[in-house]
Amino acid sequence: MINSLKFIRQSKIISILDECDELSVHELARRLGRISVVTVRRDLSELVAKGMIQRRHGAVARLGATAAATETTGASIDDQIGDVDALILPPIEGGGADTLRSMARRRGIPFLAESSEQEGGVYVGPDNFAVGRELGNRAGRSLNGKIATARVLLVSLERLPNTRSRCDGFAKGFAETFKGPTESWRIDGRGRFRDALNFSIDAFSAHPTINIVFGVNDHSVLAALEASNRLDIEEVYGFCVGGEGGALFDLLQSGHKLRACAALFPEIVGTLAVDALARALNGQALPKEILTPHAILTPENLAEFYDHKEEQWTLKAETEARLASEPAAAKSAGPRKIIGFVPHYPAHDWYRNMIRAMRRRTDALGYELRVAAPQAGIAREIKALRELIARAAAAKVEPGDIVAVNAGEIGLMLADELSKLRDITVVTNALEIMERLDGVAGIKVIMTSGEYYSKYRCLVGPSLGALFETLKANKAFLSVDGVSTHFGPSAVDERLALAARRFIEGSRQAFVLADHSIVGVDANNRIAPLRSIVEVITDGGTLPVDRLALAAAGTVVTLADSGEERAGTPPAKGRHPPPRAAVA
């Protein structure tokens with residue numbers, strides 16, 4: 001009992017430090033609640049000895065992503081994945097994931113979607129619903145005769161489809177085998193120990209007769225069981241999917257509350273993923289999906305799967321060989337190729353174990369494993385897409401054209417492309433664009449007037465438009481911070497928005513240059529109605545619904561990474577676009 005509480009407490013310490021850069025010992029004790037500073041110091045000493053945290057000038061911090069990767073892989077995390085030959089992508093959320101998927105599609109490289117299905121990727125992971133259902137069946141059978149009524153707390157992670165499926169499967173499986181009446185409550189632990197703990201405490205406080213908890217991963221069930229401990233509720237049976245790290249196995253071995261875990265074996269997931277990509281890089285087709293094994297672990301059979309030495313749990317080699325039944329991939333025959341892996345939490349136990357196994361497998365097969373934080377890959381890919389967009393914009397410029405280019409990163413990229421052309425005039429309010437084109441043969445540069453805006457190194461203000469009273473540009477290419485059908489192009493800064501509006505008013509045609517991360521997004525300051533824009537030049541990562549909405553509004557959409565126009569017909573060169581209905 002004492003050891004199990006210690007492991008839960010230490011797991012919570014790790015979770016708290018995952019969310020903070022660093023904390024003092026006293027702040028950690030406060031966040032843990034009802035735990036003495038002496039006890040916290042003892043826990044921290046053990047975690048430091050295990051290499052899971054580090055001391056920093058009177059504070060402690062989670063072993064960072066780079067340090068964790070060094071410990072588990074023998075190499076620092078590499079922030080360059082733009083040149084990988086294959087990609088493994090976990091369920092990263094938000095537009096960043098779309099960017100990385102776009103990179104895989106644009107480059108035509110093999111792409112595995114780990115743990116959760118993703119567009120364009122081959123799924124590698126367990127059948128989450130079947131895993132949850134099997135565990136639910138096991139739980140229901142084991143509790144028949146032990147409890148009269150099952151009152152189940154389900155701790156889910158609702159934003160991810162794979163964890164939702166685990167929860168749905170457990171609920172169905174339990175109902176199929178438990179013979180008594182059942183009540184259930186489902187909460188969203190949000191993937192964080194602290195949230196799962198707080199919501200579980202609320203659930204137990206409102207329903208103190210809860211006697212079963214299910215967690216979709218290690219943190220979820222550890223948090224729910226910790227909540228029952230804090231409220232002194234003893235008759236609780238715990239079940240979970242995961243088996244990510246030692247804290248859970250320590251508690252399972254103790255036989256206290258946690259009765260079974262459907263282990264998903266990150267070591268095997270990593271090995272099978274590398275093997276599949278190795279075969280693909282040698283010319284074989286990827287399968288439609290790669291289902292990885294699982295097993296129900298209990299206190300009685302845990303030692304059949306894992307060795308426990310020096311406080312470390314290690315999957316037995318014979319167990320791994322038995323469960324990873326796919327035929328081994330052949331060694332690389334040509335130049336050394338790179339497999340990229342982009343875990344969102346590199347220091348998390350699941351990914352630490354997975355990376356370790358992947359490193360062993362890639363070394364054995366003659367490949368390089370490159371592990372990158374998602375932000376690095378996203379930034380690199382966005383830059384590459386913006387360069388393609390700038391190139392597509394420059395292709396629309398003809399000899400003799402007067403083109404207006406406003407301040408912005410993509411405008412600088414366009415300036416580099418325009419420097420390859422001749423017999424054009426470039427009107428700009430950006431000093432950096434002027435500097436890049438200064439002295440280029442065959443290019444005339446005209447600066448607008450206006451007030452100097454040092455933050456963006458450009459000219460803004462009412463007098464900027466004076467130039468356009470005597471000059472009309474053929475085309476304006478606009479860097480923006482957002483573009484949508486209902487708000488049009490927009491900017492984060494009011495003065496930049498007004499300057500861009502002057503460029504539109506002073507040009508015959510206006511083009512918006514926008515990578516997929518800002519299409520369908522509204523910045524704070526509207527530049528102009530969408531009807532003022534003849535064309536949006538973007539990339540294939542834009543959502544189909546956003547492309548369709550722009551098309552319905554009469555705007556031409558060009559995908560710079562495919563050269564394909566998706567809507568409308570561009571107006572004749574040198575002429576105003578036909579009038580269109582206003583978009584609210």
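The values are calculated or read from the model by the stated rules, or taken from the named source; none is laboratory data. Just so it is clear, the structure is predicted and the values come from calculations on it, not from any experiment. FYI the Cβ positions are ideal-geometry reconstructions off the backbone, even for glycines, and counts take in every protein chain you see.
Looking across the stretch 415-439 at every residue that is without any contact (Cβ under 8 Å) to a residue 12 or more places away in the chain and either outside any helix (DSSP H, G or I) or under 17 Å from E387 (Cβ atoms) (or both), the one that is nearest to the chain's Cα centre (by Cα) is identified as D438.
Pick from the stretch 361-373 the residues that are assigned to a helix (DSSP H, G or I) and under 25 Å from the mean Cα position of the chain (by Cα): which of them is nearest to E267 (Cα to Cα)? Can you show your working first?
Going through the stretch 361-373, the residues assigned to a helix (DSSP H, G or I) turn out to be 361-365.
Still in the running and under 25 Å from the mean Cα position of the chain (by Cα): 361-362.
On the way: R361: 10, T362: 13 Å.
The selected residue is R361.
Within the stretch 440-464, the residues that satisfy the criterion of being in a loop (DSSP other than H, G, I, E, B) and among the β-branched types (V, I, T) are V440, T448.
Among strands (runs of 3 or more DSSP E) lying entirely in the stretch 285-358, which contain 3 or more residues that are over 19 Å from A273 (Cα atoms) and without any contact (Cβ under 8 Å) to a residue 60 or more places away in the chain? Full working, then the answer.
Values: elements: 289-291, 295-297, 306-309, 312-315, 338-341.
Passing ranges, in order: 306-309.
In the stretch 300-324, of all residues being touching a helix residue (DSSP H, G or I) at 6+ places or on another chain (Cβ under 9 Å) and either assigned by TED's automatic domain parsing to the domain that holds L258 or of a type in the set (A, V, I, L, M, F, W, C) (or both), the one that is surrounded by the fewest Cβ atoms within 10 Å (Cβ to Cβ) corresponds to A303. On the stretch given as the stretch 518-562, residues that are in a strand (DSSP E or B) and within 21 Å of A384 (Cα to Cα) total 9. Any residue in the stretch 472-479 that is surrounded by fewer than 18 Cβ atoms within 10 Å (Cβ to Cβ), closer than 27 Å to A392 by Cβ and over 37 Å from the mean Cα position of the chain (by Cα)? Yes: one or more hits.
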